[in-house]
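All remarks here apply to the structure that follows.
Every number in this text was worked out from the coordinates using simple rules, so none of it is lab data. Model, not experiment: these values are computed from the prediction. As a convention, Cβ positions derive from the backbone with ideal geometry for all residues, glycine included, and neighbour counts pool all protein chains shown.
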C-alpha cells in the first residue's frame, strides 16, 4: 500500500459507452467521402478501410510485436489520397470524427466519477489516464465529459502506436513522468489488457468488473475486495465511484 499515483483505464472504468458500427454508419461515412469526390459504396468503404488498416497493422507488427495501434484518421486520410482528393489529412480527421459520432449510441460517466477524481486529487494523489483509444475522438470525448481537467496526464495508445498490455505503453507514462512503479496502482476493467500489462511490470492493480468488461472474464473476487484484501491486487464489482473512491483512499493513504 502507500500508492501515490493512480493510473486509470478510460472506457469501462471511468466512462460508459456503447458504439454500433453498423451499415448506416458506413453509409453516412461513404456519403461524406462522396462530398469530396471520393466515391465508395458503404460496403466498398468498409472493405477498403479494413484492408488498409490490416496492411498498416502488419507493417507495424514487425517492430511493435502483436499490439500495434494505428491512428484511425490516418487510415481514412489514405483512402482520400487513393482517390486523388486534396487536403486528405484534414478530411481524414473529419471522417474519423463523423464515424465516431455516428456510431455512438451513448457516452456517459459512471456514477460519481468526477466527484471521486476530485476527492482523490484533493488527498494529494496524482491521477493518470492510460487508455487504448484514438486521440482523434477520445481527446474530444474527454473534454465533453469534463474529465481532462481532473487528470495530471493523458496517455492515448494511438499516439504511441502500441496498446495495453504492451509494457512499452505503460513505460511511456512511467518514464516521462518519472514514476516509481512500486507507488503506482493501475485501475481497469479488463484482466487481459489493463491488469495483465501492469502486473508484468510489477505494478499493483485494481480490477473493476463492469458492464464493459469482456464477457469471457470473471466477476470480481469478493476475497480481493479493497476493504479486505492486503494487495497488491484488488477487485471490485460494479462501476459506482461513490463507493469505490473511499476504498481507494483506504488502500492508498
Exercise. For each of 13, 138, count neighbouring Cβ atoms within 10 Å of the residue's Cβ, then give the residues from fewest to most.
Key: 138, 13
Quiz item: Given labels modelled 7 Å from the Cα in the Cβ direction, how far is it in nm from residue 60 to residue 81?
Solution: 1.5
Self-check item: the range 129-253: relative contact order as a whole-number percent, Cα under 8 Å and 6+ apart
Solution: 16
Self-check item: Enclosed volume per residue, in Å³, of the convex hull spanned by Cα atoms of the range 2-81
Solution: 148
Self-check item: Sites residue 19 and residue 228, calculated FRET efficiency, Cβ-Cβ separation with R0 30 Å, nearest 0.05
Solution: 0.25
Quiz item: So what's the back-of-envelope 222 nm ellipticity for the chain, counting only DSSP H runs of four-plus at -39500 (n - 2.57) apiece and dividing by all residues, rounded to 500?
Solution: -14000 deg cm²/dmol
Quiz item: If each residue's Cβ is checked for other Cβ atoms within 10 Å, how do 225, 233, 39 rank with the fewest at the top?
Solution: 39, 225, 233
Quiz item: If you find the alpha carbon centre of the range 134-181 and of the range 14-59, how far apart are they in angstrom?
Solution: 25
Quiz item: Using alpha-carbon pairs under 8 Å, 6+ residues apart, how would you state the relative contact order of the range 19-105 in percent?
Solution: 37
Quiz item: In percent, what relative contact order does the chain have, based on Cα pairs under 8 Å that are 6 or more apart in sequence?
Solution: 26
Quiz item: Measuring from label point to label point, each 7 Å out along Cα→Cβ, what is the residue 123 to residue 28 span in nm?
Solution: 4.1
Quiz item: Under a point spin-label approximation (7 Å from Cα along Cα-to-Cβ), what is the residue 221-residue 140 distance to one decimal in nm?
Solution: 4.3
Quiz prompt | Between the range 203-229 and the range 92-130, the Cα center-to-center distance that results, in Å | solution = 20
Exercise. Measure nothing but the geometry: give the 0 to 90° angle between the long axis through the Cα atoms of 88-103 and the longest principal axis through the Cα atoms of the chain, rounded to 10°.
Key: 60
